[in-house]
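Notes for the one structure printed next.
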Amino acid sequence: MITFDPQSSVVPFEQIRGQITDLIRSGDLADGQRLPSIRQLAADLRVAAGTVAKAYATLESEGLIETSRTRGTRVAPGKAHPPEVQRAAKRYVSTIGDLDLDLDQALSAVRTAWLALHPQTPAAH
């Protein structure tokens, strides 16, 4: 499910936050699905509990997860991308697959197209 690469230039909490975000947006983590406790995930990944706590706190502030003393940490409802968005993203990736682009270049192309169609709406980086 979630992995940690100690050789990555991406800080550990961001690796965890990014992977959980992607799992939620893709629907691989379903609405209401319970996430591992901070201690459990930290032990599984062999990182400090504070690292996982920071990732969870960020995810909660972004509205992607909800934490309750009685129910634990769960995926907030309605956060997956709609199926049509997921299909469009897969078509885009398939279409550009032979162009030898890396992820940053592919995302830059989407950002450029977004800004051309929605000039008053800033694109998040």
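Of all the numbered requirements in (1) open to solvent by 40 Å² or more (accessible area, probe 1.4 Å); (2) among the aliphatic types (A, V, I, L, M); (3) farther than 28 Å from LYS90 by Cβ, ALA42 misses one, and that requirement is (1). Screening GLY63 on (1) at positive phi; (2) touching a Phe, Trp or Tyr at 6+ places or on another chain (Cβ under 8 Å); (3) among the small types (Gly, Ala, Ser) shows it passes everything except condition (2).
Looking only at residues of the stretch 28-65 that are charged (D, E, K, R) and under 15 Å from the mean Cα position of the chain (by Cα), we find that the one that is nearest to ARG87 (Cα to Cα) is ASP28. Yes or no: the stretch 61-81 includes at least one residue that is in contact (Cβ under 8 Å) with a residue 24 or more places away in the chain, open to solvent by 50 Å² or more (accessible area, probe 1.4 Å) and assigned to a helix (DSSP H, G or I). No, the stretch 61-81 contains no residue that is in contact (Cβ under 8 Å) with a residue 24 or more places away in the chain, open to solvent by 50 Å² or more (accessible area, probe 1.4 Å) and assigned to a helix (DSSP H, G or I). ARG25 meets the conditions (1) under 13 Å from the mean Cα position of the chain (by Cα); (2) open to solvent by less than 60 Å² (accessible area, probe 1.4 Å) in every case but one. The failed one is (2). Out of contact with any Phe, Trp or Tyr (no Cβ under 6 Å at 6 or more places or on another chain) and closer than 14 Å to ILE2 by Cβ: is that true of THR21 in this structure? Yes, satisfied. Does GLY50 satisfy the criteria of being open to solvent by 40 Å² or more (accessible area, probe 1.4 Å), touching a residue at least 40 places away in the same chain (Cβ under 8 Å) and of a type in the set (Gly, Ala, Ser)? No, not satisfied.
Does PRO119 satisfy the condition of being farther than 24 Å from VAL10 by Cα, out of contact with any His (no Cβ under 8 Å at 6 or more places or on another chain) and free of Cβ contacts under 8 Å to residues at least 12 places away in the same chain? So PRO119 passes the test.
The values are calculated or read from the model by the stated rules, or taken from the named source; none is laboratory data. Just so it is clear, the structure is predicted and the values come from calculations on it, not from any experiment. Here Cβ is always computed from backbone atoms with ideal geometry, including for glycine, and neighbour counts include all displayed protein chains. We work out accessible area using only protein heavy atoms, side chains counted, and drop any ligands, DNA or RNA first. Shrake-Rupley method; radii C 1.70, N 1.55, O 1.52, S 1.80 Å.
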